[in-house]
Amino acid sequence: MSRSKSTAGLALAICLLSPGAARAKSEEDVHTLRLCDDVSDPAGLDPHFVFDNKTDDILNQIYEGLVRFDVEGRIVPALAERWESIDARSIRFFLRKNVKFHNGENLEARVIAASLKRELSGNSPLTGQIAGIENVFGESKYVLVIRTREPDALLLRRLASFARIVPLSMSQSTAPFSPEAIPVGTGPFRFGSWEKGKRLILEANPASWRGKPYFDRVVFEFIPEDKQIEALAQGKVDLLTEVPGTKTLAIAQVNGLEIFKDKTLSTPAFWFTSLRGPLADIRVRQALNLAVDKNELIRYAAMGNGTPIATLSMPGEVGHNPRLTPYPYDPARSRRLLKEAGYPKDFKLRILAVQQSERDAKIIKAQLQAIGVVAELASVSIADGFRIVSEGKLRNYDLTANLAPDPIGHMAFLSGVCFFSLSPMSAGGVPGFDERYKRLLLTQDVEKHKDMAEEFDRWIYDQSWGIFTYQRIRTYGISSRIRLESQLTGMLDLASAGVRQ
């Protein structure tokens, strides 16, 4: 499991020779990939109405967009074979011919236009990611034109991550698919079955334009955390995508398993969703950053698998500012800043944490309480977090937390999700962000864009719009028979998976 040698970074494959025996593989097992990527079911399988990284790992196997990312994070063709700029606001896409959806419907320009318009309808939580699109239409059967309201330097990256295409029969309704609806895309795998609370099964799409995948079946097993290592050791799953650092030795006791580590564009993001009271004062926000011991977070929440970062941005992203130094752990200075701001005694901070970030949130809660901040923590499932956002109740919390990936490889993604006023995750945005964000998107000159993004990153750091933590080092446990490429964005691409020769 690797990217190319030039970017693998911390990639490490350890062949484990300890005694132990995984169960023998039947012929069906050999062509089945079983993995555990989450402890619970996805919130849904409608690609226009679900917005979380774990569900994306499933959706990315079923659905495709006009373009996609390769393992290095570069934009490459997908449903569009090629594209060309018409002007600063318009792109013409030339589609692959003879591509069919899993239900037999044909892929045509008008179908893609209808799918994008469904996502743009305003009912989708992803509308904001592609809201800059003014018009989309078929110029001919296999030629599509997308025109934006203004130049958008991130358009192709947005399309690669968020514009998954559904057939015409599913574009008629702007409401989410019912839980019983069978998801239909053009991807390398098609929906098989879903046993709620246990597993979701995908089957190979033999007609995929990428060629038939090696694995006939991919099984996403939903297993409690305390049972996952046992499942891998017993051969019940071939892959764990999140292994605590403290458990790697347990995996090392089983012959035929490997550990793989790699930095991904993922961070436990803590961002302010209320600027009422104390949080309106920059000194308070800075004090909260100084109260957080990132090394303790990495040690106990990430089990050693992390690197401190200065903002939400991470090395490997376009626009990451490498000159920024993470806020140090300095509780004495933190208390002084609170006193200067007029808050020498307790004030309350309401924290909402999605379960993926619960460990980090508990540690941060204790660290904040050590400087006199009374932190109230509510931990919720991904589905409940999505409901809170969709019902507009995020404003009831001061600080929101989630394990957040950057699927587009640009510093503006996570900052846009957390701070842009039109993002449902921002609860109204932060002062001064929108103007800077829009100027960045209008700047298409590569060098000017990079410089502007790095200055934008510095401004977010200086203003302390969130509590900044660390970049995750993702630790996988994997059967030594499996060949799987690690993606820079951290998303799974199982179409290229196979077995080692």
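Residue under question is residue 286, and the condition is that it be under 22 Å from the mean Cα position of the chain (by Cα) and crowded, with 18+ Cβ neighbours inside 10 Å; does it hold?
No.
Can you tell me which condition residue 299 does not meet? The list is (1) open to solvent by less than 50 Å² (accessible area, probe 1.4 Å); (2) free of Cβ contacts under 8 Å to residues at least 40 places away in the same chain, and all the others hold.
Condition (1) is where residue 299 drops out.
Residue 254 fails exactly one of the following numbered conditions: (1) farther than 30 Å from residue 499 by Cβ; (2) crowded, with 19+ Cβ neighbours inside 10 Å. What is the number of that condition?
Of (1) farther than 30 Å from residue 499 by Cβ; (2) crowded, with 19+ Cβ neighbours inside 10 Å, only one is false for residue 254: (1).
Take the residues of the range 108-131 that are in a loop (DSSP other than H, G, I, E, B) and not aliphatic (A, V, I, L, M): which is farthest from residue 410 (Cα to Cα)?
108
Tell me yes or no: at least one residue of the range 109-130 is open to solvent by 50 Å² or more (accessible area, probe 1.4 Å), modelled with pLDDT of 95 or more and closer than 16 Å to residue 185 by Cβ.
No; the residues of the range 109-130 include none that is open to solvent by 50 Å² or more (accessible area, probe 1.4 Å), modelled with pLDDT of 95 or more and closer than 16 Å to residue 185 by Cβ.
Evaluate the range 208-221: report whether one residue or more is assigned to a loop (DSSP other than H, G, I, E, B), at positive phi and open to solvent by 10 Å² or more (accessible area, probe 1.4 Å).
yes
Are there any strands (runs of 3 or more DSSP E) wholly within the range 1-97 with 1 or more residues that are over 26 Å from residue 124 (Cα atoms), open to solvent by 50 Å² or more (accessible area, probe 1.4 Å) and at pLDDT below 55, and if so which?
12-15
Having 1 or more residues that are among the hydroxyl-bearing types (Ser, Thr, Tyr), open to solvent by less than 70 Å² (accessible area, probe 1.4 Å) and closer than 25 Å to residue 69 by Cβ is the bar; report the helices (runs of 4 or more DSSP H) wholly within the range 343-456 that clear it. Quick ask: steps written out before the conclusion?
On the way: elements: 358-369, 382-390, 411-419, 433-442.
Fully inside the range 343-456 and qualifying: 411-419, 433-442.
How about the range 162-193: which of its residues are outside any loop (DSSP other than H, G, I, E, B) and open to solvent by 10 Å² or more (accessible area, probe 1.4 Å)?
168, 169, 170, 171, 190, 191, 192, 193
Hey, residue 228 hits all of (1) in a helix (DSSP H, G or I); (2) free of Cβ contacts under 8 Å to residues at least 60 places away in the same chain but one; which does it fall short on?
For residue 228, the exception is condition (2).
Being of a type in the set (Ser, Thr, Tyr), touching a Phe, Trp or Tyr at 6+ places or on another chain (Cβ under 7 Å) and under 30 Å from residue 198 (Cβ atoms), is that true of even one residue in the range 239-248?
yes
The values are calculated or read from the model by the stated rules, or taken from the named source; none is laboratory data. All values reported here derive from a predicted model rather than from experimental measurement. Heads up, the Cβs are rebuilt from the backbone with ideal geometry, glycines too, and the neighbour counts pull from every protein chain shown. Ligands, DNA and RNA are stripped out before the accessible areas are found, and what is left, the full protein with its side chains, is counted by its heavy atoms. Shrake-Rupley method; radii C 1.70, N 1.55, O 1.52, S 1.80 Å.
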